[in-house]
């Protein structure tokens, strides 16, 4: 089975711009979660989508949003980029068929905001 | 507020040593606790613990959970240079929300 894939892998943007990141989960997985990783704050939960609905949300401003499509692929969008948004954005997928299923991470998208 | 604390923050050992990494947590709706290893890329899954006192093993790595004391440890025996990484613990709450600790950075010297 192919793993979780994320595109693009690297991205450079300037302040004020907006960005869209994409995540394709493992085939058959219906849950996709997004995380932000920075040296200062570590790995922080952004949100989780399951069956096209946002199921959980972390403590991030409304500039961060996401969605999930019927094929379980997910996108996250960050509007009005700030320097502090520079980070590694990771998505993780889970089948959710079995209680207590684990999450598998994709390689991440490294975003640099100038 | 949910809190996950890992100790030590960093550790330097020599090949062949045994290490114990600690994770204490306080989360609202605990479901399970996951351990991940992160090198210069995405975290890779190590263990998922749901029940107290039952040790999980995978080769030289093992882990155990204490749900009463809200604590988990990860042991690595006979360390190798390839074990050098950041080890992350993350209690899982409702759905698939993971709250990560700051990690323990392990360096294994030859």
Inset, instruction - Order by neighbour count: B:89, A:23, fewest other Cβ atoms within 10 Å first, most last. - result: A:23, B:89
Inset, instruction - From zero up to wherever the largest Cα-Cα distance of the protein assembly as shown sits, split into 5 Å bins and tell me the percent of pairs in each. - result: 1, 7, 14, 19, 18, 16, 12, 7, 3, 1, 0
Inset, instruction - Please provide three numbers in whole Å: the alpha-carbon extents of region A:15-99 along the principal axes, with the largest listed first. - result: 39, 23, 18
Legend entry - Sequence of A:31, B:84 once ranked by neighbouring C-beta atoms within 10 Å, starting from the fewest: B:84, A:31
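In what sequence, highest mean first, do B:42-55, A:101-114 appear when ranked by Cβ atoms within 10 angstrom? Provide the component values of the computation, followed by the final result.
Working: B:42-55: 16.4, A:101-114: 18.9.
By packing density, highest mean first, the sequence is A:101-114, B:42-55.
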Inset, instruction - Just need the relative contact order of region A:1-113 here, percent rounded to a whole number, with Cα pairs under 8 Å and 6+ apart. - result: 36 percent
Inset, instruction - Please report the orientation-averaged projected area of chain B, defined via the convex hull of its C-alpha atoms, in nm². - result: 6.5 nm²
Inset, instruction - Would you mind computing, in nm to one decimal, how far apart the modelled labels at residue B:28 and residue B:80 are, each placed 7 Å from Cα along Cα→Cβ? - result: 4.3 nm
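Can you tell me the FRET efficiency between residue A:41 and residue A:67 if r is taken as the Cβ-Cβ distance and R0 is 22 Å, rounded to the nearest 0.05?
Details: r = 24 Å, r/R0 = 1.10.
Computed FRET efficiency for residue A:41 and residue A:67: 0.35.
Using 1/(1 + (r/R0)^6) with R0 = 22 angstrom and r between the beta carbons of residue A:51 and residue A:77, what's the FRET efficiency to the nearest 0.05?
Working: r = 20 Å, r/R0 = 0.89.
That pair, residue A:51 with residue A:77, gives E of 0.65.
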Legend entry - Alpha-carbon centroid distance for the pair region B:18-59 / region A:40-68, whole angstrom: 22 Å
Legend entry - Gained length - residue B:14 relative to residue B:60, 0.36 nm times residue gap less alpha-carbon distance: 15.0 nm
Legend entry - residue A:30 versus residue A:13: modelled label distance in nm, points set 7 Å from Cα along the beta carbon direction: 3.0 nm
Legend entry - Footprinting exposure proxy for A:81, B:65, A:43 (fewest neighbouring C-beta atoms within 10 Å first): A:81, A:43, B:65
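FYI, it's all coordinate maths here, none of it is from the lab. Please read all numbers here as calculations on a predicted model, not as lab measurements. Virtual Cβ from ideal backbone geometry, glycine too; neighbours counted across all protein chains shown.
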